[in-house]
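Got a structure here, written out as structure tokens. Questions coming.
Just so you know, all these numbers are worked out from the coordinates, no wet-lab data involved. Bear in mind the structure is a predicted one, so any value in this text is a computation, not a measurement. When we count neighbours, we look across all protein chains shown, and the Cβ atoms used for this are built from the backbone with ideal geometry, even at glycine.
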Amino acid sequence: MTRSTLAAPEPRLATATEPRRQRPWAAPAVAATGVGLAAVVLVAASVGGGDPAPGGPGPLVDGLASVVALAARIAAVGTVGTLVLAAVLLPGTAEARRALGAASTWALAWAGATVLGAVLTVSLLVGQAPTALPWSSLQVYLLDTGAGRATLVVLALTAVLVPAARRCRGAGGARLLLAGAGAALLAPVVLSGHSSAAEDHLVAVTTLGVHVVAAAVWVGGLLALLAHGRGAAEATAATRFSTVALVCFLATAGTGVLAAWFVLGGTDALLAAAGTGYGWLLVGKTTGLVALGILGRQHRRRTLPRLRAGVPGSFRRFAAVEVLVMLATVALAVGLAGSPPPTASGASAPAPAPAATGQARTAAPADPMAGHDHGELSVGILVDGTRFHVAGPVAAGSRVTVHNGTDEPVTITAADGSFDVDVPARTLLTFPAPAEPGEYPFASRHSDEFTDVLTVR
């Protein structure tokens, strides 16, 4: 035999463009994390006190709505994070190209969870199983409510992101895609919410928008860095991300406090939340944020210098723990968003109606039209088992959304005959408001006790 025959072949180093081998423990770890996060959001929803409405499709659909809402939130965070890595942290590199491919997959999951979440939202709203939903109710939800229109915007933007991310090759294109993902994040914040224009509406929406975007960049950026940053590029990306993370941490913390203040309606209500389920979720979310601040300080002081010195193990271990804490905090936030905020007296306020993300938790409160600018679905007229509830004035000639959540068909019949609408049981529909401003008393032919006034401006 020749020497060349006996010699062992030299090991071949993988290039940056080759796919990495999957670790055997990766899939079980991801599955276990998913199960754990689903458990967290279900427990959070239970602690928050948003019980399923009696006569609805059942607790299974209600729980599934919370899990799907979490899936949509994580998919949105994953989309934004991978685009941040491709556009800001490692632009124009092989890692950026891999991240763009992952962004396409995340966006597809985001779109799928959004569709399923919308179906579950309407299912819980009208009290029918998802397989038995009438198309008319889905159509009204999508076209005549802010939450439904936000769903359509998210679907349109993710439909562009899925193919565009796979075809994108440059940093400029990645930045445009990042802007599109940010717009999809903000759509539910801007388009959903109570229909009345409160004095602090713009400030509340802006605060919540900054909170959502900062949290997505922070959580998603670290997740993308952990998944796609390897080798020498990891130290460069981690150093750049450290500054971004600090800014996002401060923005998330500051706007989180302001958002809670706006949602609850002031300092007294914020203090009254102590001891309620909503308050416990706030404490849990705040605890997670504090823990993340401590982990971030550890990164800057110890693990980043080791990473730059070529010892990545410590950084990756801390980053993995930090991502788990982040995702658990996201699960608490999803449960919090679907829970009824307490009143100033400490009692639970009415549960918000379903959000565009699918967190459809309902109740039968004393005043179901009470709400806040935090993404809940608002309707113009709500019918419960005892009376009508009118959210507020409507514009002349606009479409008035009506939700009958009972098993009894009713009518909305104006005293002057300007409108007469049959509202079947468990339905969501709209009718045109009168063209002339004024006050329009109305009643139902099924009961003399069902009366109210529609104010048209």
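Can you tell me the order of 100-111, 65-76 when each peptide is scored by its average per-residue count of other Cβ atoms within 10 angstrom, highest first?
Details: 100-111: 23.2, 65-76: 26.5.
Highest mean packing first, the order is 65-76, 100-111.
To continue, here is another question. Strictly greater than 21 Å: what percent of every Cα pair in the range 381-456 meets that?
Details: 457 of 2850 pairs.
When every Cα pair of the range 381-456 is considered, 16 percent fall beyond 21 Å.
Turning to a different aspect of this structure: With the Cα gyration tensor of the range 45-126 in hand, convert its eigenvalues to equivalent ellipsoid semi-axes via √(5λ) and list them largest first in whole Å. Show your work: numbers first, answer last.
Values: eigenvalues 250, 28, 10 Å².
For the range 45-126, the semi-axes come out at 35, 12, 7 Å.
Show the residues, 5+ positions off or on another chain, whose built amide H is closer than 5 Å to the amide H of F388.
T451
Follow-up. When the Cα atoms of the range 28-337 are enclosed in a convex hull and the volume is divided per residue, what value in Å³ results? All intermediate terms of the calculation are to be shown ahead of the outcome.
Working: hull volume 41.7 nm³, N = 310.
Dividing the Cα hull volume of the range 28-337 by its residue count gives 134 Å³.
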